[in-house]
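The values are calculated or read from the model by the stated rules, or taken from the named source; none is laboratory data. Keep in mind it's a predicted model, so treat the numbers as computed, not measured. Reconstructed Cβ throughout: ideal geometry from the backbone, glycine too, with neighbour counts over all protein chains shown. For the accessible areas, the whole protein counts, side chains as well, though only heavy atoms, and no ligand, DNA or RNA atoms are used. Shrake-Rupley method; radii C 1.70, N 1.55, O 1.52, S 1.80 Å.
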Amino acid sequence: MARTAVFFHAHPDDEALLTAGTMAMLAAQGHRVVLVVATAGERGLADLPHGDELAEARTAELYASAAVLGVARVVMLGYGDSGLGEAGTAGDDRPADAFIDADVEEAAQRVAAVLKEEAADLLTSYDPAGGYGHPDHVQVHRVGRRAAEIAGTPILLEATVNRDPLLRALRLARRFYRFPPEFDVRSFERAYTAGEDITHRVDVRRFARAKRASMAAHATQATGGDGDRTLAAFLKIPRPLYRQVFGTEWYVHRDLPPGTRLRHPFDHLPDEA
């Protein structure tokens with residue numbers, strides 16, 4: 001039975017990194033996939049200057065990514081990108097309409113309106129830490145949780161990363177590869193989610209090509225700053241290894257008991273009568 005899944009993200013390219021494989025899988029299985037993005041990412045690091053030009057470029061990239069994933073609808077909420085200060089907080093010169101400063105209830109009502117219109121069975125947001133701590137990601141967690149409550153959406157999954165194997169891999173890779181300046185391996189000791197708390201491990205290896213194409217669509221995020229950006233580094237991974245590295249996507253359902261291990265976003269929905 002076809003269902004509807006809404007994926008809620010903070011900026012263009014977040015969908016590529018965290019949920020693209022799941023989105024492509026659900027679309028291929030005949031489910032309706034909707035992508036909601038809070039900001040246009042106009043304050044992201046790129047060769048283009050901050051502002052309208054970068055927002056326009058990243059919006060175009062978002063739609064290109066959505067197309068390769070089979071997304072049926074893209075909704076942009078139009079909040080300002082809060083930026084990221086040196087201490088991991090929102091930028092001091094963020095715009096007046098920055099997402100981090102938005103009223104949670106008001107923003108949640110807007111997301112809930114999409115959930116109700118789509119009769120969504122599932123919403124994804126982020127874990128409480130916002131993954132690696134970006135303020136807009138933390139706001140997605142707050143807003144997404146409240147939106148699911150308002151709309152009565154049956155499933156709320158927090159998109160995350162299993163930090164246990166990630167830390168092992170990064171520490172090993174650090175011996176052989178010089179990461180970009182903005183990539184601090186130590187920050188992952190507090191980021192994302194411990195493996196024991198993850199409830200959904202979704203095998204997306206069959207959709208690695210689509211996930212890679214989604215990443216590649218976000219060309220502005222592969223440049224800017226000194227040397228390669230993180231996204232550019234990921235795209236240099238040889239395809240067979242890429243399939244293994246990015247072949248699983250992780251989610252947490254807070255209402256499920258500890259030790260739950262599910263393989264599909266809809267696995268715990270009650271059977272249809």
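Shown in residue order for segment 250-259 are the 3J(HN,Hα) couplings computed by the Karplus curve 6.51 cos²θ - 1.76 cosθ + 1.60 at θ = phi - 60°: 10, 9, 10, 10, 5, 8, 8, x, x, x Hz (x for Gly and Pro). The alpha carbons of segment 142-198 stretch over 48, 25, 14 Å along the principal axes, in descending order. Counted over segment 1-84 with a bin width of 10 Å, the fraction of Cα pairs per bin, in whole percents, is 19, 50, 24, 7, 0. The longest part of the chain holding none of the exposed loop trypsin sites (Lys or Arg not before Pro), meaning those outside H, G, I, E and B in DSSP with at most 11 other Cβ atoms within 10 Å, is 1-174.
Each Lys or Arg adds one and each Asp or Glu subtracts one; over the other residues with Cβ under 11 Å from the Cβ of residue 211, this totals +3. Applying a DSSP loop filter and a limit of 11 other Cβ atoms within 10 Å to the GluC sites (Glu not before Pro) in segment 1-101 leaves 86. Assuming R0 = 51 Å, what is the FRET efficiency of residue 223 and residue 1, from their Cβ-Cβ distance, to the nearest 0.05? Calculated transfer efficiency: 0.75. Applying the Kirkwood pairwise sum to the alpha-carbon positions of the chain produces a hydrodynamic radius of 18.7 angstrom.
Each of 128, 176, 155 was placed along the dipole of segment 117-273 (beta-carbon charges, centred on the mean Cα), and the one lying farthest toward the positive end is 176.
Loop-located chymotrypsin sites (Phe, Trp or Tyr not before Pro) across segment 177-268 with a Cβ neighbour count of 14 or fewer within 10 Å are 177, with loop assigned by DSSP. Each Lys and Arg contributes +1 and each Asp and Glu -1, all at the Cβ; summed about the Cα centre of the chain, the dipole is approximately 1540 debye.
Put a dot 7 Å past the Cα of residue 101, heading toward its Cβ, do the same for residue 178, and the two dots end up 3.9 nm apart. Here the chain has 51 percent of its accessible surface on carbon and sulfur atoms, given a 1.4 Å probe and all protein chains in place. Indicate the gyration tensor shape class of segment 36-80 (rounded, prolate or oblate), computed on the Cα atoms with a ≥ b ≥ c the square roots of the eigenvalues: a/c under 1.5 is rounded; otherwise a/b larger than b/c is prolate and the rest oblate. Oblate. Based on protein heavy atoms only, segment 117-161 ends up with 30 Å² per residue of surface accessible to a 1.4 Å probe.
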